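The structure under discussion appears below in the form of structure tokens.
Readers should treat all values here as calculations from the given coordinates under stated rules, not as data from a laboratory. Here the structure is a predicted model, which is why all the values come from computation and not from measurement. For neighbour counting, all protein chains shown are included, and Cβ atoms are generated from backbone atoms with ideal geometry for every residue, glycine included.
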Amino acid sequence: MTNKLRYFVANWKMYGHLNSVNSLNKVIKFKKKNKKAKNLKIIYCPPFTLIHPFIQKLKKTNIKTGAQNCSFGSTYGPPTGSINSMMIKSLKCEYVILGHSEKRAKGENDNIINKKIISATESKLKVIFCIGETSKQKRKKLTKKILLSQLSKGLKKVKNKKNILIAYEPVWSIGSGIIPKSQDLENTTNFIKLFLINNMKFKNPKILYGGSVNTKNISLLKKITNLDGFLIGGASQNSNKFIDIIKKTFN
Ligand code: PEP
């Protein structure tokens, strides 16, 4: 049986320096030598400053690179401090994370995220689109309403659906060490999948889970039937832990 859990996205957040490229050696070796790892999609999303060094380091491997955000608008322009999707693509970077809750918390709304998704797909980047409810919304039983709103607003007028991966990341789980109950995660990811198929014209949606994935809880998380992989923050910065998480998903 082939493993359905194929995507392992490493979100390095605002960590890393030039020497950090050396920590990729172990993962490169693992991907090359381990038969079960060959067909996996391992994607590193370092900060902007490290995208080029990561691409150089990974160019003879089939490990991919992604950005953690981008500006919208696909032409050059004045917004100081911004980097657009075209600039990211020009580095031969293939993915971009959009809608991360750490950016939403700083004011990115669904409308801005939607413009970014459109711009990124037009630049032929694959998008890892993050959605998720806060703890307050969860307490008020608003999870489904919030996810539905984030998905329909974020994906409005987005054409190339096959280049969109959805990362369900409950905000209360990111960095907290707490993960959803398995049954809740099964229900929520099923809800997302059905909504994408029935309302957003997705043919074969890919859904990742993100939030405190670690070497211990992965044995529970790997059993969630709707998942195609994981978006991993903290634990992905340590190559041994990252490899261990991946290995534990093997059948
Ligand atoms: C993230 O930031 O996308 C994330 C999932 O973080 P962590 O794994 O550290 O909770």
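Numbers for the structure displayed
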item	result
Separation in nanometres of the label points that stand 7 Å from Cα toward Cβ, at Lys32 and Glu122	4.0 nm
Lys, Arg +1 and Asp, Glu -1 on Cβ, resulting dipole of the range 6-250 about Cα centre, debye, nearest 20	800 debye
Fully extended contour minus Cα-Cα distance, from Ile178 to Phe191, at 0.36 nm per residue	2.6 nm
Chymotrypsin sites (Phe, Trp or Tyr not before Pro), loop per DSSP, at most 16 other Cβ atoms within 10 Å - longest free stretch of the chain	77-249
D (Stokes-Einstein, µm²/s), Kirkwood Cα radius, the chain, 0.890 mPa s at 25 °C	134 µm²/s
Leading residue at positive end of dipole, the range 6-250 (Cβ point charges), from Gly229, Ile166, Leu155	Gly229
